[in-house]
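Reviewing the structure listed below.
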Amino acid sequence: MRTLAWFLLLSFCLVSFYTPSVQAIPPFQKVFKKYYGEGQYTDKEKGPEFAAKVKEAKCFVCHDPKEPKKKKKRNRYGEELAKLLDKKKDKKNTEKIVEVLKTVAAIHTDPKDEASPTYGDLIKAGKLPGGKFVKPKKK
């Protein structure tokens, strides 16, 4: 019986170390929703519609919905945020998260095309910055 208990404990530990962690950090998502999702940043008419899109997209504002099992797979907007935020150091630093959101809002969606809209332009227009959200297919 004691051997079985140790085996189960060891198995649990191994599985927990090798299971990939979810990368969508709740504090980042919460600040994004508060800063953008409540409609104060977008056009007054598009604010509630944008807030609904953010609520539906959840983690996929920054992550790629085409690959929902790969939590480290981000869309371009999420990649820009990840360059500037550290998930461990910054998750409690609301001021830094807001500053990074502002910084990324000024970045063009296509870095090679200065005429492309910025992420902030997309958000102001009521569009998700990572592109149109399509619900992931359940397999």
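Sort out which residues of segment 110-139 are among the basic types (Lys, Arg) and surrounded by 14 or more Cβ atoms within 10 Å (Cβ to Cβ), and write them in order of number.
Selection gives LYS124, LYS127.
If a residue has to be surrounded by 11 or more Cβ atoms within 10 Å (Cβ to Cβ) and assigned to a loop (DSSP other than H, G, I, E, B) to count, how many in segment 87-109 make the cut?
6
If GLY78 meets every condition in (1) assigned to a loop (DSSP other than H, G, I, E, B); (2) at pLDDT 90 or above; (3) in contact with a strand residue (DSSP E or B) (Cβ under 9 Å, 6 or more places away or on another chain); (4) within 17 Å of ILE25 (Cβ to Cβ) apart from one, which number is that one?
Of (1) assigned to a loop (DSSP other than H, G, I, E, B); (2) at pLDDT 90 or above; (3) in contact with a strand residue (DSSP E or B) (Cβ under 9 Å, 6 or more places away or on another chain); (4) within 17 Å of ILE25 (Cβ to Cβ), only one is false for GLY78: (1).
Which pairs turn up if I take residues in segment 20-33 that are aliphatic (A, V, I, L, M) and look for partners that are modelled with pLDDT under 80 and surrounded by fewer than 17 Cβ atoms within 10 Å (Cβ to Cβ) with beta carbon separation below 8 Å, at least 6 apart in sequence or on another chain?
Partner pairs satisfying both residue conditions: VAL22/LYS71; ALA24/LYS71.
Given the conditions (1) closer than 16 Å to PRO129 by Cα; (2) modelled with pLDDT under 85; (3) crowded, with 17+ Cβ neighbours inside 10 Å, report the number of the one that GLN23 does not fulfil.
Failed condition: (1).
I'm trying to understand the selection: among the residues of segment 26-51, which are part of a helix (DSSP H, G or I) and either at pLDDT below 70 or closer than 16 Å to PHE133 by Cβ (or both)?
Answer for segment 26-51, where residues must be part of a helix (DSSP H, G or I) and either at pLDDT below 70 or closer than 16 Å to PHE133 by Cβ (or both): GLN29, PHE32, LYS33, TYR36, GLY37, GLU49, PHE50, ALA51.
The values are calculated or read from the model by the stated rules, or taken from the named source; none is laboratory data. Computed from a predicted structure; not experimentally measured. Positions of Cβ are backbone-derived with ideal geometry, glycine not excepted, and every protein chain shown enters the neighbour counts.
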